[in-house]
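Below is one structure, written out as structure tokens; comments come after it.
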Amino acid sequence: MSAESTSRPLPPMHRVPLPEPGPPRLGTLATGTPVWIVTRYAEVRQVLMSPRFDRSSLHAPDAPPLLVVPNLLDAPDGLLNQDGTAHQLLRGTVQRAFTPRAIARWRPWVASVVDALLDDFAGHDRPADIVEGFTRPLPVSVICRLMGLEHVDRERIRHWADHALSGGAHTAGEVGLAMREFGDFAGALVAERRRAPGDDLVSGLVAAGDELRIDERRLVGLVCGLVVAGHETTMTALGNAVVYLLTDGRAAWAGLAEDGDAAATATEQLLRTIPLSEGRVLPGLIRRAVEDTEVGGVLIPAGSVVALQTNSAGRDPEAFPPGEPDLFAPLTSPGIAFGAGAHHCLGAWLARLELELALHRLAVRLPGLRAEFRTETVQWREGQMTRSPRRLPVSW
């Protein structure tokens, strides 16, 4: 079934009921594998930061099945599933491309993409679909700009990203075919940038990878991972933030326009309080205990699979004020929307930058933006690992 073909009443993501934070408890993955679910902030951070819980053993010969349908994050030799020296080597490759100088240079690039999309969107007849006109094209436009892919068919990029993180919308065969096409594309791109490097993220990644002697297959995997990571999370978070800000969070709209710092603070609060997924355990937040370890007064036996509920942890009253968030109040504890520790998301800075600029400039450009939808009538994009609006008609 296509991810775009279903439409049934669902609550908006900011109203999705979350498991109450409490001691680790046993649950079951969709594959039937038992899993310890960790929901409290302090214990989620403990697992994320501790070498007693790793990723690579999730792919050991004795590891239980985690996914019904494979996805891009499932590659055993990929960045996400390595630990220790192997992980540091791959991570260092990406970090060399993400130099402070490069990041400072990319900020105006991202802003220019936001402004160009808003210029076009502001000229649409009203009501206009802000998903199709802004929240969906923004992340793929940004990643294409940063990676020097402006002339690539962006629908192909979207197609590959949808399949790379499919959560049941596509069959294993469809995912496999899309990933082979994606890999062939990325392999050709790496070869091209090696022959003729430019001032883009892929060229920087290839140069760093060659210097560190990263093999070609892993380098191609890093390129694919960056394309996907630079797309799915931002699209989902931005779409769900717009639903909230035009309905229950409308009082904050004017404040987003005041300055970029206010929008940056609001971005952190929105990432903390609006889940990306509904009840689904995201693959990147699964670990395996490599030795018996006590977590929150519960002994987690060696070999156990552990799933981290960062959504519940982000609303843990022991770490954050309870109730509706004050979007313009700084976080009282470090955010964990992008993880923590050795596997903290390398693309977190880019996602935050896109969200901050998108929300600030949208509020400045369209101060009278209003919803032409009700929360109960939103059509949702389902069948992926995350859930986001498929269509949001708005006027201004």
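The values are calculated or read from the model by the stated rules, or taken from the named source; none is laboratory data. Given the structure is predicted, the values throughout are model-derived calculations rather than measurements. Neighbour counts run over all protein chains shown; Cβ positions are idealised from the backbone, glycine included. Please note that ligands, DNA and RNA were not included when accessible areas were found on the heavy atoms of the full protein model with its side chains. Shrake-Rupley method; radii C 1.70, N 1.55, O 1.52, S 1.80 Å.
Descriptive notes on the structure:
- Each Lys and Arg Cβ is given +1 and each Asp and Glu Cβ -1; about its Cα centre, the chain then shows a dipole of about 60 debye.
- What the Cβ-Cβ distance of R101 and E132 gives, at R0 = 30 Å and to the nearest 0.05, is a FRET efficiency of 0.30.
- Given charges at Cβ of Lys, Arg, Asp, Glu: the range 197-284 dipole, positive-most of L222, P275, V242: P275
- Long-range Cα-Cα pairs in the range 71-129 (distance over 18 Å), rounded percent: 62 percent
- With the simple spin-label model, which puts each label point 7 Å out from Cα in the Cβ direction, the D120 to R250 separation comes to 3.0 nm.
- Dipole magnitude of the range 286-396 about its Cα centre (Cβ charges: Lys, Arg +1; Asp, Glu -1), debye to nearest 20: 700 debye
- Using the average count of surrounding beta-carbon atoms within 10 Å as a protection proxy, the listed peptides 349-355, 254-260 rank, highest first, as 349-355, 254-260.
- Taking amide H as placed 1.01 Å from N in the peptide plane, the amide H of T293 sits under 5 Å from that of I300, A302, each at least 5 places away or on another chain.
- The chain, accessible surface, carbon-and-sulfur percent (1.4 angstrom probe): 54 percent
- Less than 5 angstrom separates the built amide H of Q379 from those of R390, R391, all sequence-distant by 5 or more or on a different chain.
- Tensor-based shape of the range 245-319 (alpha-carbon gyration tensor, a/c under 1.5 rounded, otherwise prolate or oblate): prolate
- Debye log10 I(q)/I(0) at q = 0.14, 0.23, 0.24, 0.33 Å⁻¹ for the range 231-276, Cα point scatterers: -0.31, -0.82, -0.89, -1.28
- Hull-based mean projected area of the range 294-379, where the convex hull spans the alpha carbons, in square nanometres: 9.5 nm²
- Within the shell defined by Cβ-Cβ distances under 15 Å, the residues around A257 carry a net charge of -1, with Lys and Arg each +1 and Asp and Glu each -1.
- Screening the chain for DSSP H helices whose Cα atoms reach 24 Å or more along their own axis and whose mean Kyte hydropathy is at least -1.0 gives 100-122, 172-195, 348-365.
- Here A302 and E20 are evaluated by their C-beta separation; at R0 = 35 Å the FRET efficiency comes out at 0.80.
- Ranked from largest, the principal axis spans of the Cα set of the range 180-260 equal 52, 29, 19 Å.
- Each residue of the range 51-62 is assigned a 3J(HN,Hα), and the resulting list reads x, 6, 10, 10, 9, 5, 6, 5, 10, 5, x, 8 Hz, derived from the Karplus form 6.51 cos²θ - 1.76 cosθ + 1.60 (θ = phi - 60°), x at Gly and Pro.
- Taking the alpha carbon gyration tensor of the range 53-97, multiplying each eigenvalue by 5 and rooting it gives semi-axes of 22, 13, 6 Å, largest first.
- Rounded, prolate or oblate (a/c below 1.5 giving rounded, otherwise prolate when a/b exceeds b/c) for the range 91-197 by Cα gyration tensor: oblate
- Computed over Cα pairs, the Kirkwood radius of the range 158-203 leads via Stokes-Einstein (0.890 mPa s, 25 °C) to a diffusion coefficient of 208 µm² per second.
- Of M13, M385, M49, the one that fluctuates the most in a GNM where the chain has Cα springs shorter than 10 Å: M49
- Within the range 35-109, the ratio Rg/Rh, alpha carbon atoms throughout and Rh by Kirkwood, equals 1.07.
- Applying 1/(1 + (r/R0)^6) with r as the Cβ-Cβ distance of A329 and A207 and R0 = 41 angstrom yields a FRET efficiency of 0.50.
- Extending 7 Å from Cα along the Cβ direction at D184 and again at V364 yields two label points whose distance is 4.4 nm.
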